[in-house]
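Shown next, in structure tokens, is the structure this report addresses.
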There are 2 protein chains.
Amino acid sequence: MPGNPEKEKRALNTGEREENRYWSGMIKGIKPYIPGEQPKDQKYIKLNTNENPYPPSPRVLEAIKRAADGSLRLYPDPECSSLRETIARHFGLKKEQVFVGNGSDELLAFAFAAFFTGKAPILFPEITYSFFPVYCKFFGIDYEPVPLGKDFSVAVEKFCRPNGGVALPNPNAPTGICLKASQVEEIAARNPESVVLIDEAYIDFGGESVVSLVDSYPNLLVVQTFSKSRSLAGLRLGMAMGREGLIEGLRRVKDSFNSYTVDRIALAAGEEAIKDREYFEETRRKIIETRCRVRNELISMGFEVTDSMANFLFMSHPAVPADFLYRELKSKGVLVRYFDRPKIENHLRVTIGTDEEMDCFLRALREVMACCPQGGS
Amino acid sequence: MPGNPEKEKRALNTGEREENRYWSGMIKGIKPYIPGEQPKDQKYIKLNTNENPYPPSPRVLEAIKRAADGSLRLYPDPECSSLRETIARHFGLKKEQVFVGNGSDELLAFAFAAFFTGKAPILFPEITYSFFPVYCKFFGIDYEPVPLGKDFSVAVEKFCRPNGGVALPNPNAPTGICLKASQVEEIAARNPESVVLIDEAYIDFGGESVVSLVDSYPNLLVVQTFSKSRSLAGLRLGMAMGREGLIEGLRRVKDSFNSYTVDRIALAAGEEAIKDREYFEETRRKIIETRCRVRNELISMGFEVTDSMANFLFMSHPAVPADFLYRELKSKGVLVRYFDRPKIENHLRVTIGTDEEMDCFLRALREVMACCPQGGS
């Protein structure tokens, strides 16, 4: 039984694949989130995807090797009990207040489905994690972008009007600007009718977490990741903390989708990543110190740099266009992130690497600026 | 700013958590898929979740240990190129015709979203993988269960009427009954207007795959898993094969949901699992042989046993109720799967373990039957 060659030829002629007509309306109009470049062609200093420059804790790597045994033939614990207990102990919560998933992106998607669908428009900053509008499109959620200050500041007041939910990265991305815990608390307190979802992907680099408040606010859900401060972007592991009913809401979405989202290796590695506090403290301290130093140097070179509390800097120059800097840096082997988007099209986001990597970045940047008539300070 | 203690007290009094009111309509009515028991309290012979009794290939375990290094700080390749190329080579396809995900459940969910939403009711067997109706509920997809024969046989004819899509595990679960490739091909050929999704989770235990037909049928999408015949249930890895446009459809859903679903460890392990053909052939052959032997023994004991092409048997006894057998076997330390569902409430699904495990199962079953007045043959 052959296919229909006539139809196929037509499809090829129009440059459209025949099978694309099977796409549901849901996916036809999708503009997917575009992750940062992962180049394979050249050895770059990679400061474009906010990865941690330090390897995971040696205890994590040992745990993975130990978990690589015959038990991989068995499904993982669908409840992820042991890891959830370890996380709960770390934060002073109960296991029932903790959820884990295949990266914090998956947890954010679950939260959007569990708490934001079929409601009034949700609020999130006009400049924020670019996955938020993608989730909204996917789950059919309306949203209203909340304007930021000219300096990208987040005004608490603007999140305190009728809404179907609030989603807020703190620190915000890609600006790095961080609200105080008391400000996030105010947003939670003034939105008793909707879930306030705080994405704390970058909180360990200088911000104040609100995880300790989840007991007090039934509408507060906090998501964190193992990808940044715990150097495990390659492993896909995230955690969510909130009241039991919110966690149960996430579980219902997960169980409608994939019974086992976290594998045995990630469960074992995650526990050691949480338990090795010393390594965690040491590496995040180094990143914060490097960030402070590089920020000062950039300011002295004439750049405007937000007061980032994340593992990246968000910078622009009053005279030199960001896309030019992006290309020139790339040609010198330094990859940073450029967003071709309104209001931030003149900014670069630069991940904090090791001191050596940041010195290379600064050297390359100085060379670019020196060749550039507008670059002199 | 404390929570509202009045409200909280009320919530506790009614036995309902205050925060449950934040649940979206989408999750309120959800009846999640219930995976098989994963008991921790006792050492069971575990024949209830269709895991492979043999460990993964030693080459897989070595690959995991090698991948446990500092590069885990970096995101995985979002395109999963190397693994997809390896799979494509294995099946004689192009990389663009292969997709990988965090277990085949995730791929099935993506396929339901990509090809079945907003369409006419889809068709799947009335007795089948119990996740199918869960996906439908989650994504708002209508479905019509297709009746099976009294012997659980699947009639091709019944899948050839107007529909918004067809989903069919082959072999079917939990019956193990398998259509021939030519029959699946007929279903694909007679449904040119809709996607025919074939879940080949168990195909390697004696069935004929239709992967080789995906080039010929633009509507044919085949999903397989590493959990069963490649002994990697603990790692969460699945693959989907189809025309490029169908694969692009899955990618659009994935990129609306989670940019990186497959971690670095799973990517490395998956490649070796595909490459070690010898180990794969040897372990699946052993399972098929054990299944044949145990099936014959069960028939000689008076059981009715379907002609399963999977790594499990589906059995009932004309005189002894299945729930009784389930409980008695459990009390003797042998865990099998019992489904309290219409039309199969008198059946047990028994995973094929090692020969030693199956001998224990048969011994326990003989003991139960001997104590049971209806059990004599």
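Observations on the model:
- Translational diffusion of the range B:147-196 was estimated from the Stokes-Einstein equation, with Rh taken as the Kirkwood radius over Cα pairs; at 4 °C and 1.567 mPa s the coefficient is 115 µm²/s.
- Residue among A:Gly207, A:Gly101, A:Gly70 with the largest mean-square fluctuation in a Gaussian network model of chain A, springs linking Cα atoms under 10 Å: A:Gly70
- For A:Phe312, the residues whose amide H sits under 5 Å from its own are A:Ile352, ignoring neighbours fewer than 5 places away on the same chain, with H placed 1.01 Å from N.
- For the range B:79-148, convex hull of alpha carbons as volume per residue, Å³: 119 Å³
- With a cut-off of 12 Å between beta carbons, the residues surrounding B:Arg366 carry a summed charge of -2, where Lys and Arg count +1 and Asp and Glu -1.
- Charged-residue dipole, Cβ positions (Lys, Arg, Asp, Glu), chain A about Cα centre, Debye nearest 20: 580 debye
- Cα gyration tensor, chain A - rounded (a/c under 1.5), prolate or oblate: rounded
- Computed over the range B:152-299: relative contact order in percent, which uses C-alpha pairs under 8 Å that are six or more apart: 17 percent
- Spherically averaged projected area of the protein assembly as shown from its Cα convex hull (nm²): 33.4 nm²
- The range B:52-111 versus the range B:139-183: alpha-carbon centroid distance in Å: 29 Å
- Computed on the range B:58-275, with alpha-carbon pairs under 8 angstrom and 6+ residues apart, the relative contact order is 30 percent.
- B:Ile127, B:Ile30 arranged by Cβ crowding within 10 Å, fewest neighbours leading: B:Ile30, B:Ile127
- Once Rg and the Kirkwood radius are both taken over the C-alpha atoms of the range A:290-377, their ratio Rg/Rh works out to 0.91.
- Cβ-placed point charges (K, R +1; D, E -1), dipole of the range A:201-297 about Cα centre in debye, nearest 20: 300 debye
- Residue among B:Asn20, B:Asn191, B:Asn50 with the largest mean-square fluctuation in a Gaussian network model of chain B, springs linking Cα atoms under 10 Å: B:Asn20
- Here the range A:58-275 is assigned +1 on the Cβ of each Lys and Arg and -1 on the Cβ of each Asp and Glu. Its dipole about the Cα centre then comes out at about 340 debye.
- Environment charge of A:Gly164, counting only residues whose C-beta is closer than 11 Å and scoring Lys/Arg +1, Asp/Glu -1: -2
- Cα pair distances exceeding 23 angstrom across the range B:58-275, given as percent: 44 percent
- Dipole of chain B, positive end: most advanced residue of B:Phe110, B:Ile30, B:Ile64 [Cβ charges, Cα centre]: B:Ile30
- Cβ crowding within 10 Å ranks A:Phe324, A:Phe116 as A:Phe324, A:Phe116, fewest other Cβ atoms first.
- Under 5 Å from the amide H of A:Tyr129 lie the amide H atoms of A:Ala173, each residue being 5 or more positions distant or on a separate chain, with H modelled from the backbone and absent for Pro and chain starts.
- Intensity falloff of the range A:248-307 expressed as log10 I(q)/I(0), Debye formula with alpha-carbon point scatterers, at q = 0.13, 0.15, 0.18, 0.20 Å⁻¹: -0.67, -0.72, -0.77, -0.81
- For A:Asp77, net neighbour charge (Lys/Arg +1, Asp/Glu -1) across residues whose Cβ lies under 10 Å away: +2
- Summary value for chain B: 22 percent relative contact order, contacts being C-alpha pairs under 8 angstrom separated by 6+ residues.
- Ranked A:Leu47, B:Leu61, B:Leu335, criterion: other C-beta atoms within 10 Å, fewest first: B:Leu61, B:Leu335, A:Leu47
- Comparing B:Glu271, B:Glu208, B:Glu297 in a Gaussian network model of chain B, where Cα atoms under 10 Å apart are tied by springs, the biggest mean-square fluctuation is seen for B:Glu297.
FYI, it's all coordinate maths here, none of it is from the lab. These numbers come from a predicted model, not from an experiment. Cβ sites come from the backbone with ideal geometry, for glycine too, and all protein chains shown count toward neighbours.
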